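Q: Before I ask anything, let me first share the structure, which is written out below as structure tokens.
The values are calculated or read from the model by the stated rules, or taken from the named source; none is laboratory data. These figures come from a predicted structure and were not determined experimentally. Neighbour counts are summed over all protein chains in view; Cβ atoms, including those assigned to glycine, are modelled from backbone coordinates with ideal geometry. With ligands, DNA and RNA removed, areas are computed over all heavy atoms of the protein, side chains included. Shrake-Rupley method; radii C 1.70, N 1.55, O 1.52, S 1.80 Å.
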Amino acid sequence: MDLKKISARTKALHGPFQSQAWDFRHHLIPPMTASTTFRLESLERGARGFSNFASPQSANEEPILIYDRLDEPNSLMLEEQLASLHKGELALVFGSGMGAISTLFLAMTQKNQKILSHRTLYGCTYSLLKNWLPRLNIETEFLDFNDELSLQMKIKKTSTRILYFESISNPLLEMIDFEKVVSLVKIENQNRSDENKILIVVDNTFATPWGLRPLEFGVDFVIESLTKNISGFGTEMGGAIITTKKYETPLKVARKDFGAIMTSHSAWHILVYGISTQALRFEKQQENAQAIAQFLYTHDQVESVIYPGLENYQFHNLYKKYLKTPEGKLAPGTMIAFKLKGTEAQTANFINDLAKNSYAITLAVSLGLTKTLIELPGFMTHSALSEEDKKSCAIDSKVIRLSVGLENVHDLIKDLDEAISRNF
Ligand SMILES: Cc1ncc(COP(=O)(O)O)c(C=O)c1O
């Protein structure tokens, strides 16, 4: 059977059909495993398992399972699915998105190397870069990646090792032109040895593989927080790195030693419920998001709305170029950022009003879930940013982030409309 001819939507339901990770020819649904350790059968097989661990050469052999923290069947099956969705050679899953991000930075950098990051990004990633990595002499410079000249200059510094950005930034939905960044790095890398080559890492959590597959545009690593739309139901935490086989050894060894592994229980849920329904959920949530963005756009108490599916979206050309489903349809996504007119206090009252009176909209962090969630990033997900950094990336106290779920869209619009009327 030629899996290349099968669509991403169908593959998300059936997976690779037969997996090296588990003989499930007789199971319609893969069995849920719960074994922290595995029978090694003989000293020789056990020793082979340890010496082959994390080596790409062993890819076509049946894996010798040793211990859950090294590899286990449900995570291996989920990894096969994520690699396939992203058209990558290798996917590795972690206990959370932050587990994936921190393991990647620690595995791929050395002291005195530098990270360049786009200025707007998720608050905990910012905190990792700003507060923790400098202790190991790994400093990060934040800049606007759309300022091509400045990016070009900074790439040339020999200490630069990683370029990091979110394909649609959290929370302001900024986009970067991948192909421009990739071509600048390609030129610089011509003169660098392998261990000093600049690596491009893209956090694709907002877009999801159903909206964008950054490896297709030449980046080195994709991050997904599986906690969000891929898991989808708000029951599992998880993260993933998707990349090429070349990085299998350092990443797997780092995951083994740092220990940010996913539980087999979560891997099973994300594999069985999350991956197989993601396309459907994403499409319906996106349809709702488009209708809500349009409602907000025409509301006289709304100061601004950011949503890729609106004509006034600042990165309209990049949206048309990059945000597409595997079937080629435009994918503006499920996230909206907006501001209301009036004061900061009125915005705070509006949020508290929704928290108290809305049935369909919940004041909560996280995103991409079946239920609609609203939050104020400046006080919540992005509160780790210094006041100065919040200002430089325009995350002020009035920015509202809305993650649109699967409810009837009229109920969502009604709750928003009523809360606006009561407070403005
Ligand atoms: C863009 C982005 N990346 C990474 C993360 C971290 O993921 P997790 O909460 O699974 O650690 C988040 C969490 O909100 C996020 O929004």
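Q: Suppose we filter the range 12-28 for residues that are of a type outside the set (Asp, Glu) and out of contact with any helix residue (DSSP H, G or I) (no Cβ under 6 Å at 6 or more places or on another chain); how many remain?
A: Total satisfying the criteria: 9.
Q: Need pairs with beta-carbon distance below 7 Å; first residue more than 12 Å from Lys228 (Cβ to Cβ) and assigned to a helix (DSSP H, G or I) and within the range 352-377, second acidic (Asp, Glu) and open to solvent by 10 Å² or more (accessible area, probe 1.4 Å); sequence gap 6+ or separate chains.
A: Leu354/Asp415
Q: Regarding Leu104, is this residue in the same structural domain as Lys197 (by TED's automatic domain parsing), open to solvent by less than 20 Å² (accessible area, probe 1.4 Å), modelled with pLDDT of 95 or more and of a type outside the set (Gly, Ala, Ser)?
A: For Leu104, the condition - in the same structural domain as Lys197 (by TED's automatic domain parsing), open to solvent by less than 20 Å² (accessible area, probe 1.4 Å), modelled with pLDDT of 95 or more and of a type outside the set (Gly, Ala, Ser) - is met.
Q: Test of understanding: among Ile223, Ile270, Ile230, which residue is in a helix (DSSP H, G or I), at pLDDT 95 or above and not hydroxyl-bearing (Ser, Thr, Tyr)?
A: Of the residues listed, the single one that is in a helix (DSSP H, G or I), at pLDDT 95 or above and not hydroxyl-bearing (Ser, Thr, Tyr) is Ile270.
Q: On to the next question. Do we find that Thr249 is closer than 18 Å to Thr103 by Cβ and under 14 Å from the mean Cα position of the chain (by Cα) in this structure?
A: Details: closer than 18 Å to Thr103 by Cβ: yes; under 14 Å from the mean Cα position of the chain (by Cα): no.
Taking the combined requirement at face value, the residue does not satisfy it.
Q: Out of everything in the range 162-195 that is at pLDDT below 95 and among the polar types (S, T, N, Q), what residue ends up being nearest to Val399 (Cα to Cα)?
A: Looking at the filtered set, the residue picked out is Asn170.
Q: Being touching a Leu at 6+ places or on another chain (Cβ under 9 Å) and in the same structural domain as Lys371 (by TED's automatic domain parsing) narrows it down to one residue among Gln294, Gln286; which is it?
A: Of the residues listed, the single one that is touching a Leu at 6+ places or on another chain (Cβ under 9 Å) and in the same structural domain as Lys371 (by TED's automatic domain parsing) is Gln294.
Q: Related question: Considering each of Thr347, Thr343 in turn, give the residue that is buried (at least 21 other Cβ atoms within 10 Å of the Cβ), hydroxyl-bearing (Ser, Thr, Tyr) and over 30 Å from Ile275 (Cβ atoms).
A: Details: Thr343 fails: buried (at least 21 other Cβ atoms within 10 Å of the Cβ).
That would be Thr347, the only listed residue that is buried (at least 21 other Cβ atoms within 10 Å of the Cβ), hydroxyl-bearing (Ser, Thr, Tyr) and over 30 Å from Ile275 (Cβ atoms).
Q: Of Ala293, Ala260, Ala267, Ala331, which residue is crowded, with 18+ Cβ neighbours inside 10 Å, in contact with a strand residue (DSSP E or B) (Cβ under 9 Å, 6 or more places away or on another chain) and over 26 Å from Val201 (Cα atoms)?
A: Sole residue among the options that is crowded, with 18+ Cβ neighbours inside 10 Å, in contact with a strand residue (DSSP E or B) (Cβ under 9 Å, 6 or more places away or on another chain) and over 26 Å from Val201 (Cα atoms): Ala293.
Q: Right, something else. So which of Thr205, Thr235 ends up being open to solvent by 10 Å² or more (accessible area, probe 1.4 Å), touching a strand residue (DSSP E or B) at 6+ places or on another chain (Cβ under 6 Å), within 16 Å of the ligand (Cβ to nearest atom) and of a type in the set (S, T, N, Q)?
A: Criteria check complete, one pass: Thr205.
Q: Within the range 121-152, work out how many residues are surrounded by fewer than 14 Cβ atoms within 10 Å (Cβ to Cβ), touching a residue at least 12 places away in the same chain (Cβ under 8 Å) and part of a loop (DSSP other than H, G, I, E, B).
A: 1
Q: Suppose we filter Ser304, Ser383 for residues that are more than 18 Å from Asn204 (Cα to Cα) and in contact with a helix residue (DSSP H, G or I) (Cβ under 7 Å, 6 or more places away or on another chain); which single one remains?
A: From the options Ser304, Ser383, the qualifying one is Ser383.
Q: Also: Yes or no: Lys186 part of a loop (DSSP other than H, G, I, E, B), of a type in the set (D, E, K, R), out of contact with any Ser or Thr (no Cβ under 8 Å at 6 or more places or on another chain) and not assigned by TED's automatic domain parsing to the domain that holds Lys321?
A: For Lys186, the condition - part of a loop (DSSP other than H, G, I, E, B), of a type in the set (D, E, K, R), out of contact with any Ser or Thr (no Cβ under 8 Å at 6 or more places or on another chain) and not assigned by TED's automatic domain parsing to the domain that holds Lys321 - is not met.
Q: Give me the pairs, please: first residue somewhere in the range 6-33 and at positive phi, second residue anywhere and among the small types (Gly, Ala, Ser) and modelled with pLDDT of 90 or more, beta-carbon distance under 8 Å, and either six or more positions apart or on two chains.
A: Gly15/Ser84
Q: Sticking with this one: Quick one: in the range 160-180, which of the residues that are touching a helix residue (DSSP H, G or I) at 6+ places or on another chain (Cβ under 7 Å) and open to solvent by less than 10 Å² (accessible area, probe 1.4 Å) is nearest to the ligand (Cβ to nearest atom)?
A: By that ranking, first place goes to Ser167.
Q: Report the residue count in the range 270-290 for those that are open to solvent by 10 Å² or more (accessible area, probe 1.4 Å) and either more than 29 Å from Leu173 (Cα to Cα) or among the aliphatic types (A, V, I, L, M) (or both).
A: Matching residues across the range 270-290 total 4.
Q: Can you tell me which residue is farthest from Arg9 (Cα to Cα) among those in the range 208-225 that are open to solvent by 10 Å² or more (accessible area, probe 1.4 Å) and of a type in the set (Asp, Glu)?
A: Residue satisfying both the conditions and the ranking: Asp220.
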